[in-house]
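Notes follow the structure.
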Amino acid sequence: MTNILQNFIQSSIVVFHNTSILLFLITYIFLWKYKLLWPLLIYYTIFHYFRDKSPVNGNVWYKRNESFRNLFIWNYLIDYFPIKFHKLSDLSPTFNNNENEQNERIGPNYIFGYHPHGIIATGVSNGFTNNANNNWNKLFPGIKCFVTTLINQFQIPFYRDYLMALGVTTVVKKNLKILLNKGASIVIVIGGAKEALLAKPGNNSIILNKRKGFIKLALESLNESNDNFKFGISIVPVYAFGENNIYNVYYTGDDDEKNNIGDNKFKKVVYKFQMFLKDKFGWTLPIIVSRGIFNYDFGILPYKTPINVVFGNPIHIKRLNNLKFGDPITQFEIDYWHNQYIIELENVWEFGKDKFRKPNESNLKIVE
């Protein structure tokens, strides 16, 4: 295959994946044009859209499709950048990975905390949602991981099914507890939509100090599941070097990287609108400038910049101060494990900064 053809295939799949929410919506609306399809569309709309609660009740466990996740096309998706996985240590498998035997729980499950958010958390949405180049199964055998995102992503017909087949689910707390209690692992983009506004090339600022819900989730899940009491839950910090470099951004923060708006009036208006979207709908709208399929000057494609995703050492969560499973979660426990998480995240940064950081990039900075 020539480089030109390979680049075209890679670019086309990236465009499809990144714009699939719009493409599936257009397809759903377009199909109503054909009366012969109305019975199928009505059946789908009633039973697979309105009545199906899989994104919020843990049933994405059964909707995830391994054959779909193993399709060869995903190799082009991650090779476009490329996206590569690295780990500081091995993780004990959650399930017996022998395909000839019953899937038996043999170890802990995991909450992966992903940083930074970037524009659309490409390292997660492109890297965690498939098994391209045997990335996931080779590095983490026996660990069944689900990607979490906002619930409004599942309000688009067909697109919701596409997401669930890839192993994507909602970040709704009840849903996450059900999955964790089944033995699933989950990845949460800790900084959320607000951190997307910090995304710009060379910047490594993250929002973490007030983000402690994932710690509490792990402690509460330990209390509610006999399996998790027996095998435990570990939290793993993950940092994606290069996540912020794949788009040029009209940055509405200060150049000194403080988490506030600048003096420019236009920036102030844009920032207020972005924060309105975040507060009202849970997502925001960074202004990006990128490349096209056939040109490098303007378009919607991310730049071909490597994303190196580094997995840190697992933090095995336990109750503290002689508290037993079932006792109320204390703020001391949350703060203690959150501090441990920051320490391990800094170890991830130290491991990867000289290998994967570009010379002009900033150091890791927790700004909020």
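The values are calculated or read from the model by the stated rules, or taken from the named source; none is laboratory data. Computed from a predicted structure; not experimentally measured. So basically every Cβ, Gly included, is an ideal-geometry build from the backbone, and we count neighbours across all protein chains shown. The protein model used for the area step is the full one, side chains on, heavy atoms only, and it has no ligands, DNA or RNA in it. Shrake-Rupley method; radii C 1.70, N 1.55, O 1.52, S 1.80 Å.
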Q | Summed residue charge, Cβ within 14 Å of Glu333's Cβ, Lys/Arg positive, Asp/Glu negative | A | +2
Q. Which entries of Lys216/Lys324; Lys272/Lys358; Lys182/Lys216; Lys84/Lys173 show an alpha-carbon separation above 20 angstrom in the structure shown?
A. Lys272/Lys358; Lys84/Lys173
Q: May I ask you to order 241-249, 334-342 by the average number of other C-beta atoms within 10 Å around their residues, highest value first?
A: 241-249, 334-342
Q: Go through Ser125, Ser67, Ser234 and list them by solvent-accessible area, largest first, probe radius 1.4 Å.
A: Ser67, Ser125, Ser234
Q. How much accessible surface does Tyr303 have with a 1.4 Å probe, in Å² rounded to 10?
A. 50 Å²
Q: Kindly sort His117, His316 by accessible area of their heavy atoms, largest first, with the probe set to 1.4 Å.
A: His316, His117
Q) So what does Thr148 come to for accessible area, using a 1.4 Å probe and Å² rounded to 10? A) 10 Å²
Q | Rg/Rg_ref, region 52-206, where Rg_ref = 2.2 N^0.38 Å and atoms are Cα | A | 1.03
Q: Order Lys84, Lys33, most accessible first, counting only protein heavy atoms with a 1.4 angstrom probe.
A: Lys33, Lys84
Q: Can you tell me the relative contact order of region 1-85? Whole percent, Cα pairs under 8 Å, sequence separation 6 or more.
A: 50 percent
Q.
Solvent-accessible area of Ile151, probe 1.4 Å, all protein chains present, reported in Å² to the nearest ten, please.
A. 90 Å²
Q) Computed FRET efficiency, Cβ-Cβ of Lys365 and Leu36, R0 41 Å: what is it to the nearest 0.05? A) 0.10
Q.
Taking the Kirkwood radius as the inverse of the mean 1/r across Cα pairs, report the Rg/Rh of region 113-203.
A. 0.97
Q.
If you filter region 46-100 for chymotrypsin sites (Phe, Trp or Tyr not before Pro), then keep DSSP loop positions with at most 13 other Cβ within 10 Å, what is left?
A. Phe72
